[in-house]
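Read through the structure below, which is laid out as structure tokens, and then see the notes.
The values are calculated or read from the model by the stated rules, or taken from the named source; none is laboratory data. Quantities reported herein were computed from a predicted structural model and do not represent experimental measurements. No Cβ is skipped: glycine too gets one built from the backbone with ideal geometry, and neighbour counts run over all protein chains shown.
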Amino acid sequence: MDKALYVAMTGARASLQAQGTVSHNLANADTAGFKAALANTEAYAIRGPGYASRVATLHTDQGFNSSMGAQKVTGNPLDVSLHADRWLAVQAPGGGEAYTRAGNLALTPNGQLVTAGGHPVLDERGNPLTLPPHQALEIGADGTISMIPLGETADTMAIAGRIKVVEAPPERLTRGLDGLMRNADPGRPLRQAAGDVMTTGVLEGSNVDTAGALVQMIQLQRQFEMQVKVIKAGDENAQAANSLLRMGG
């Protein structure tokens, strides 16, 4: 009976973890460039002495859904939508380089280009981008930033820098606890992507399927309730068996 209790317990734990993943996706249904996290459960054979029939349930992280989110035209020169497998390079909170597809950029009062989450955007050399005072700004399809300095005319437009955008398929990236992506193989640095990498004045939305996520949440809740019932039934059977043993003694 303890085997059934343990299997049900591991199943309930995996269901709770999967519910956490789905809840995280739903919470970011309106976050620009967010990629839905994928989670699943799988059978896990218990190693060690004993019968090979001991199998538990294990929650597995299957990465993220790499499909493009819906495109929304905003007309904002600081909004960019990245092409497929292109990622914006930003400075991670603890230092180092991280990646995101959140293209709703902004300028701080001191001219630093940052994401909506406040992460500094990096240039092609890996340094945070800071722009001088200007009266007009334009981001090209290749990430080049052109601007008209404050008080100057249109014919004085100059290049102020280029945003670092890397090319990375999903298997080259792993999501951190802060929501930013990291290079899964630091020994192979991600390089600047060539050619056109983005569309300006357009914003990519989240690719979370809210209706599907809600259905999945209900399924996981019912699955969890079923596993809890198995645990309760196992406990009741154990109590009944103990009572019989006491009566027999």
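The sole residue among Ala168, Ala193, Ala154 that is surrounded by fewer than 15 Cβ atoms within 10 Å (Cβ to Cβ) and either modelled with pLDDT of 95 or more or more than 25 Å from Gly20 (Cβ to Cβ) (or both) is Ala154. Can you name the residue in the range 20-79 that is surrounded by fewer than 16 Cβ atoms within 10 Å (Cβ to Cβ) and of a type in the set (Lys, Arg) and is also farthest from Glu171 (Cα to Cα) among such residues? Ranking the qualifying residues of the range 20-79, first place goes to Arg54.
Quick one: which of Gly187, Gly161 is in the same structural domain as Pro132 (by TED's automatic domain parsing), buried (at least 17 other Cβ atoms within 10 Å of the Cβ) and free of Cβ contacts under 8 Å to residues at least 40 places away in the same chain? Don't jump to the end; show me each part of the working.
Details: Gly187 fails: buried (at least 17 other Cβ atoms within 10 Å of the Cβ).
Of the residues listed, the single one that is in the same structural domain as Pro132 (by TED's automatic domain parsing), buried (at least 17 other Cβ atoms within 10 Å of the Cβ) and free of Cβ contacts under 8 Å to residues at least 40 places away in the same chain is Gly161.
Arg162 versus (1) among the basic types (Lys, Arg); (2) modelled with pLDDT under 95; (3) touching a Gly at 6+ places or on another chain (Cβ under 6 Å): which is the lone unmet condition? Of (1) among the basic types (Lys, Arg); (2) modelled with pLDDT under 95; (3) touching a Gly at 6+ places or on another chain (Cβ under 6 Å), only one is false for Arg162: (2).
Quick grid of which residues meet (1) out of contact with any strand residue (DSSP E or B) (no Cβ under 8 Å at 6 or more places or on another chain); (2) of a type in the set (Val, Ile, Thr); (3) surrounded by 13 or more Cβ atoms within 10 Å (Cβ to Cβ); (4) more than 23 Å from Gly95 (Cα to Cα):
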| position | (1), (2), (3), (4) |
| --- | --- |
| Arg182 | no, no, yes, no |
| Val215 | yes, yes, no, yes |
| Gln227 | yes, no, yes, yes |
| Ser243 | yes, no, no, yes |
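Of all residues in the range 212-249, exactly one satisfies the criterion of being closer than 24 Å to Ala84 by Cα and of a type in the set (A, V, I, L, M, F, W, C), namely Ala213. Here Ala84 does not fit the description of being crowded, with 17+ Cβ neighbours inside 10 Å, among the hydrophobic types (A, V, I, L, M, F, W, C) and under 19 Å from Gly143 (Cβ atoms).
When Leu113 is tested against (1) within 25 Å of Leu150 (Cβ to Cβ); (2) touching a residue at least 12 places away in the same chain (Cβ under 8 Å); (3) surrounded by fewer than 21 Cβ atoms within 10 Å (Cβ to Cβ), just one condition goes unmet, and that condition is (3).
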